[in-house]
Amino acid sequence: MQLEADVAKFQAKNAQVIALAVHDQARALVVSQAAKVTYPLLADHDHRVTDAYKVFNLLGDGVATPSVFIIDKTGHIVWSYISPDANTRADDKTILANLP
């Protein structure tokens, strides 16, 4: 999702992309700038959000498992994908197909 063309696909569907970094704010900023992301990258250094979504350290690697949550305007999760391993991610087509 770090490619602007991909983000544009989601924005065209009125979806907001937000990413979580399991780092402090300073490190999240470095990651955001290095990857040239055009969407918010939030710092989750204490893992409260990734723990709440049950994706932190799921694979025993000390990071958040690749995952996508589609949350509607009322705050309900309407679709989610949690990767079975560190290298598998949901593709854009699948995510877009599940947008409300």
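Each value in this text was obtained by applying a stated rule to the coordinates, not by laboratory testing. Computed from a predicted structure; not experimentally measured. Here Cβ is always computed from backbone atoms with ideal geometry, including for glycine, and neighbour counts include all displayed protein chains.
Candidates 59, 33, 7 compared by Cα position along the dipole of the range 6-61: farthest toward the positive end lies 7, with charges placed on Cβ.
Contact order normalised by length for the range 1-45, with contacts defined as Cα pairs under 8 Å and 6 or more residues apart; what percent is it? Over the range 1-45, the number comes to 46 percent. In order along the range 82-89, the Karplus-derived 3J(HN,Hα) couplings, from 6.51 cos²θ - 1.76 cosθ + 1.60 at θ = phi - 60°, round to 10, 5, x, 8, 6, 10, 9, 10 Hz, and Gly and Pro are given as x. Scanning residues 5 or more positions from residue 71 or on other chains, those with amide H under 5 Å from its amide H are 78, with H placed 1.01 Å from N in the peptide plane. Estimated from helical segments only, the mean residue ellipticity of the chain at 222 nm is -8000 deg cm²/dmol, where each DSSP H run of four or more residues counts as -39500 (n - 2.57). Cβ crowding within 10 Å, taken as a proxy for footprinting-reagent exposure, orders 50, 94 from fewest neighbours to most as 94, 50. Remark: the Cα gyration tensor places the chain in the oblate category, a/c being 1.5 or greater and a/b not exceeding b/c.
Specify whether the C-alpha gyration tensor of the range 50-100 places it in the rounded, prolate or oblate class, a ≥ b ≥ c being the square roots of the eigenvalues: rounded for a/c under 1.5, otherwise prolate if a/b is larger than b/c and oblate if not. Here the range 50-100 falls in the oblate category.
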